[in-house]
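Have a look at the structure below, then the notes.
The values are calculated or read from the model by the stated rules, or taken from the named source; none is laboratory data. None of these values were measured; they are calculated from a predicted model. FYI the Cβ positions are ideal-geometry reconstructions off the backbone, even for glycines, and counts take in every protein chain you see. Ligands, DNA and RNA are excluded from the accessible area calculation, which covers all protein heavy atoms including side chains. Shrake-Rupley method; radii C 1.70, N 1.55, O 1.52, S 1.80 Å.
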Amino acid sequence: MQEIEEVIDRLEHWCRSRGFAGIDPYDSLNSPLVSLLTLGTRWGRMALTQFGRRSPINCRPLLGIRPGVNPKAIGLFLEGYTKEYRRSQNPQTKVVLNELFQKLLELRSPDVSGAAWGYNFPWQSRVQLTPRWTPTIVNSSFIGHALLDYYEATDIVEALDIAQSIPAFFLNDLRRKTEGDSFCFSYTPLDVNYVHNANMLGASLLARLAAQYDRRELLDPALCALRYSMKYQHDDGSWFYAETKAQSWIDSFHTGFNLEALRRFLQFDLTPEYQDAYRRGVEFYADRFFLDDGTPKYYHDRLYLVDIHAPAEAIYFFSGEGQRYRELVERILHWTLMNMRDAKRGTFYFRKAKRFTIKTPYMRWSQAWAFRALTEFLTHEVMD
């Protein structure tokens, strides 16, 4: 446990010394040269983004891309620091918590029903260019849960009020794909991209507010959204990322997000009928995504690339599953510390390929997710 505390301390020091600002795999369109480099075209913007994400060398200084504060990163750090504060009751940790909360207030997306958060960069898909700060259901869900954790640890009512306003964004601004007695939330207000992990994460926040904070009007939409994604769970316990042909892959960390969301419903005793589905999902996750030495696979049927999200989400999720998966968590954690961590700086790498490793220390994608995972692991070590 002391070793993990030291890992967390070094990671925390690196992130705090930079004000939690950093670069991101998807921030290439923040370059002031973007119009010149992309010729103002969709394909040019996609190519520039993929170059920034895939390059083993960080070219952002040459492209004029400066570190920025990402709302999702701040939400993940808020969740992790809340666990640290509950464990230690350290007044200095509370100071950091309050600073992170203030950052989230400043980073809220404008012109939204209720509170919601996006990214500090625009991104180009095959279909559309999504402007900077466009709110997403994924960001707002993770941040919403972090705000509730923060409120429960500190009794700061403003955090609860902000979290309580997030459902207005889900219910009023997001689009829906309706199927019978179920529906799926869109990823942002601008698209018609219906993704299972995004839908289930949003539903889980509605469920938590309904169960813990007497927002009973949120229970029906929470159950309707969950019902949509549960219809598409496969017999082996897995899900495709989404139900379009181009999105029919099965990957590690999105499987974890789905199960993380479903677990909240079961913990609140809202959907006992999905207990067996949850069991099958957990067994698929544990059995299909890890090698014997703890190496996490990105997809269920092949190894490379290994993305830091895969071990981070696995450590987080299986830490909450108790003794049955304790040995699996320890194997994944050991592999991650040996293969995905810069021991000199205390930071975590982005991706590991068969012949090279992308070591660029991304703040949101790598450090924030690693911090969330490690603090969750340490929480359960102390409890056990």
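A few notes on this one:
- Farthest positive-ward along the chain dipole, Cα basis, beta-carbon charges - from Phe290, Pro189, Pro61: Pro61
- Taking the centroid of alpha carbons for each part, the range 203-229 and the range 303-366 are 31 Å apart.
- Apportionment of accessible area to carbon and sulfur, the range 128-207, percent (1.4 Å): 50
- Karplus-based coupling profile of the range 7-15, in residue order and whole Hz: 4, 5, 4, 5, 5, 4, 4, 4, 6, with θ = phi - 60° in 6.51 cos²θ - 1.76 cosθ + 1.60 and x standing for Gly or Pro.
- Put the Cα centre of the range 237-284 next to the Cα centre of the range 158-172 and the gap is 24 Å.
- For Asn193, residues with placed amide H under 5 Å, excluding near neighbours: Tyr187, Thr188
- Under 25 Å from Lys83, Cα to Cα: lysines that are on another chain or at least 8 residues apart: Lys72, Lys94, Lys103
- Phi-derived couplings, Karplus 6.51 cos²θ - 1.76 cosθ + 1.60 at θ = phi - 60°, listed residue by residue for the range 302-309: 7, 8, 7, 7, 8, 9, 4, 4 Hz, with x used for Gly and Pro.
- Model label points for Arg86 and Glu6, set 7 angstrom from Cα along the Cα-to-Cβ axis, are 2.7 nm apart.
- Solvent-accessible area assigned to carbon and sulfur over the range 283-345 amounts to 45 percent, based on a 1.4 Å probe.
- Relative to the Cα centre, the charge distribution of the range 108-158, modelled as +1 at Lys and Arg Cβ and -1 at Asp and Glu Cβ, gives a dipole magnitude of about 460 debye.
- In a simple Cβ point-charge model (Lys, Arg +1; Asp, Glu -1; nothing else charged), the range 258-384 has a dipole of about 840 debye relative to its Cα centre.
- By the helix-only formula, in which each DSSP H run with n ≥ 4 contributes -39500 (n - 2.57) and the sum is divided by residues, the chain has a 222 nm mean residue ellipticity of -17500 deg cm²/dmol.
- Bridgeable lysines around Lys344 (alpha carbons under 16 Å apart, same-chain partners fewer than 8 residues away excluded): Lys359.
- Per DSSP, loop chymotrypsin sites (Phe, Trp or Tyr not before Pro) in the range 162-223 with at most 15 further Cβ within 10 Å: Tyr213
- Taking the centroid of alpha carbons for each part, the range 84-126 and the range 1-65 are 19 Å apart.
- Under 18 Å from Lys354, Cα to Cα: lysines that are on another chain or at least 8 residues apart: Lys297
- Take each peptide in 99-109, 198-208, count the other Cβ atoms within 10 Å of every residue, and average; sorted highest first, the result is 198-208, 99-109.
- Protection proxy ranking of 273-282, 157-166 - average other beta-carbon atoms within 10 Å, highest first: 157-166, 273-282
- Ranking Glu283, Glu260 from most to least accessible surface, computed with a 1.4 Å probe over the protein chains only, gives Glu283, Glu260.
- In order along the range 364-372, the phi-based Karplus estimate (6.51 cos²θ - 1.76 cosθ + 1.60, θ = phi - 60°) of 3J(HN,Hα) comes to 6, 5, 10, 5, 5, 5, 5, 4, 4 Hz; Gly and Pro are listed as x.
- Mean Cβ count within 10 Å, highest first, over the residues of peptides 220-227, 58-65, 360-367: 360-367, 220-227, 58-65
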